Amino acid sequence: MSRPRILIVGAGFAGYRTARVLSRLTRHKADITLLNPTDYFLYLPLLPQVAAGVLEPRRVTVSLPGTLPRVRLVLGEADGIDLDARTVHYTGPEGDGGTLGYDRLVLAVGSVNKLLPVPGVAEYAHGFRGLPEALYLRDHVTRQVELAAAADDPKNCAARCTFVVVGAGYTGTEVAAQGKLFTDALVRKQPLYDGMRPRWLLLDVAPRVLPELDERLSRTADRVLRQRGVDVRTQTSVEEATPTGVRLSDGEFVDTRTLVWCVGVRPDPLVAGLDRPLEHGRLLVDPYLQVPGHPEVYACGDAAAVPDLDRPGQYTPMTAQHAWRHGRIAGRNVAASLGIGSRRAYHHRDLGFTVDLGGAKAAANPLGVPLSGPVAGAVTRGYHLAAMPANRIRVAADWLLDAVLPRQAVQLGLVRSWSVPLDTASPELARVPGAPAKHADRPEGAS
């Protein structure tokens, strides 16, 4: 008798955790396949430190084959799901296609950059959802500072050393905070025209930074950013982006060559093609993470609208903390459907949040206790080390080296601007010459 086939689509926080749990629970009682575009799990919370030169890129990646025993990895992107035939079609990294069958399917396809109909943004802004985008930003910022240091024209120098981050949520706040420290370190070695200093702007339409988090965390982050010299502008948005700058909602035109788009995320468009009920683009599931009408299909992470049993009528937010916990319950419930253990509904307890602001600064509220300064910094880094599935020693070593040695500021030239378009359904992959673009608003072949 053949073993049941479990197919997991996506290896983000939810998909990776699901695969780990199933690998442990099922042992050799099921065939587990993981479909993912890359061979690593990306620990997204530390990505701003990659862009700022604190961590090397491989530190925030966890090998899938190396950490998921008894799980078969298939490299590719799902582009079509047939729920009736129980098959998933995918496109491999070299353009070849394939089809995978399943008895249990776990959809953990995550999210993509959230786009707004602002003229010029799709052409001139870059997101921050994947490793290629972080590598591009590090090269780009380094290049702008080097070009500014060589410029004789003060206007050109100022424009190149002005960096605009849109979106003062978790990601945007950390990018601006880490980026300011990075560029300040760069100009100490390469002084700018007439003593100019790098300028970072952080914009958001919300009335405060980190609007989705506790107000005390928001106040701490705002204070640190302003003390560091970041120009924080709330209730302000971008009305137009051009090759030479951005026009703000208050009418001001800011000369810049850098626009980082961190306005949030939206569910991967793949789930929109399933012809199943959606909630703001997320696939509706029951408290056991099963898709109604298809008990063999589970969904978790950013692409799933999971009922919040502690707040009736609402759904759990799209955060890494929830996705990681979704994965644990999804793994247990899939195993239970095969007769291993019992299934559980998804319940959660808020453990608090941490925001790394660079250096020794952070804002944190573990278990609701508000912290700031070096204590918050220690708690934040301790939390990340505990949460990472691997690479803890390497990450800690990079932090130690960053504390005692100057950062290596060089352009590697590995990722070009056209390789990381904002409008993409695959932020984890850099585009290559001749490959067709996968736009984030056009799911292909889903049924």
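The values are calculated or read from the model by the stated rules, or taken from the named source; none is laboratory data. None of these values were measured; they are calculated from a predicted model. In this analysis, Cβ positions are derived from the backbone assuming ideal geometry, glycine residues included, and neighbour counts consider all displayed protein chains. In case anyone asks, the SASA skips ligands and DNA or RNA and just uses the protein heavy atoms, side chains included. Shrake-Rupley method; radii C 1.70, N 1.55, O 1.52, S 1.80 Å.
Observations
- One compactness figure for the stretch 121-161 is 1.35, namely its Cα radius of gyration divided by 2.2 N^0.38 Å.
- Charged neighbours of H348, selected by a Cβ distance under 13 Å, balance to +2 (K, R count +1; D, E count -1).
- Between helix 170-189 and the chain: long-axis angle, C-alpha atoms, 0 to 90°, nearest 10: 40 degrees
- Taking label positions 7 Å along the Cα-Cβ direction at both S342 and L147, the computed distance is 6.3 nm, reported to one decimal.
- Between the helical axis of 131-150 and the longest alpha-carbon principal axis of the chain there is an angle of about 10 degrees.
- Computed [θ] at 222 nm, deg cm²/dmol, the chain (DSSP H ≥ 4; -39,500 (n - 2.57); rounded to nearest 500): -9500 deg cm²/dmol
- Counting Lys and Arg as +1 and Asp and Glu as -1 over every other residue whose Cβ lies under 11 Å from the Cβ of P267, the net charge comes to 0.
- Whether the stretch 199-240 is rounded, prolate or oblate, judged on the alpha carbon gyration tensor where a/c under 1.5 counts as rounded: oblate
- Only protein atoms count toward the accessible area here, which uses a 1.4 Å probe; on the stretch 6-157, the carbon and sulfur part of that area reaches 48 percent.
- For the stretch 1-107, convex hull of alpha carbons as volume per residue, Å³: 111 Å³
- Max-minus-min Cα coordinates of the stretch 71-138 on each principal axis give 43, 26, 21 Å, with the largest extent listed first.
- In the chain, the longest principal axis of the Cα atoms and the axis of helix 13-26 are about 30 degrees apart.
- Fully extending the segment from K155 to R223 would add 21.6 nm, taking 0.36 nm per residue of separation and subtracting the current Cα-Cα distance.
- Within straight-line cross-link reach of K180, lysines at Cα separation under 19 Å, skipping those fewer than 8 residues along the same chain: K189, K361
- Most positive-pole-ward Cα, G97, P317, N391, against dipole of the chain from beta carbon charges: N391
- The convex hull defined by the C-alpha atoms of the stretch 55-196 has an orientation-averaged projected area of 12.9 nm².
- Three-way shape label, the stretch 55-95, alpha-carbon gyration tensor, a/c 1.5: prolate
- Among A403, A376, A299, residue whose mean-square fluctuation peaks in a GNM of the chain (springs only between Cα atoms under 10 Å): A403
- Centroid-to-centroid separation of the stretch 20-57 and the stretch 349-409 [C-alpha atoms, Å]: 20 Å
- Here the accessible area is traced with a 1.4 Å probe on the protein chains. For the stretch 273-378, carbon and sulfur cover 56 percent of it.
- The translational diffusion coefficient of the stretch 207-333, from Stokes-Einstein at 25 °C and 0.890 mPa s with a Kirkwood hydrodynamic radius over alpha carbon pairs, comes to 139 µm²/s.
- Extension gain, L414 back to R24 (0.36 nm per residue minus Cα-Cα distance, nm): 136.7 nm
- Cα-projected label distance for L278 with R5, points at 7 Å along beta-carbon direction, nm: 2.7 nm
- 10 Å-binned pair-distance histogram of the chain (Cα, whole percent): 4, 21, 31, 26, 13, 4, 1, 0
- Binned Cα-Cα distance frequencies in the stretch 132-190 - 10 Å width, integer %: 22, 53, 23, 2
- Where the chain is the region considered: accessible area per residue in Å², 1.4 Å probe: 43 Å²
- Each 10 Å bin from zero holds the following percent of Cα-Cα pairs in the stretch 127-283: 10, 36, 33, 15, 5, 1, 0.
- Antiparallel DSSP beta bridges within the stretch 177-279, as percent of all bridges there, nearest 5: 65 percent
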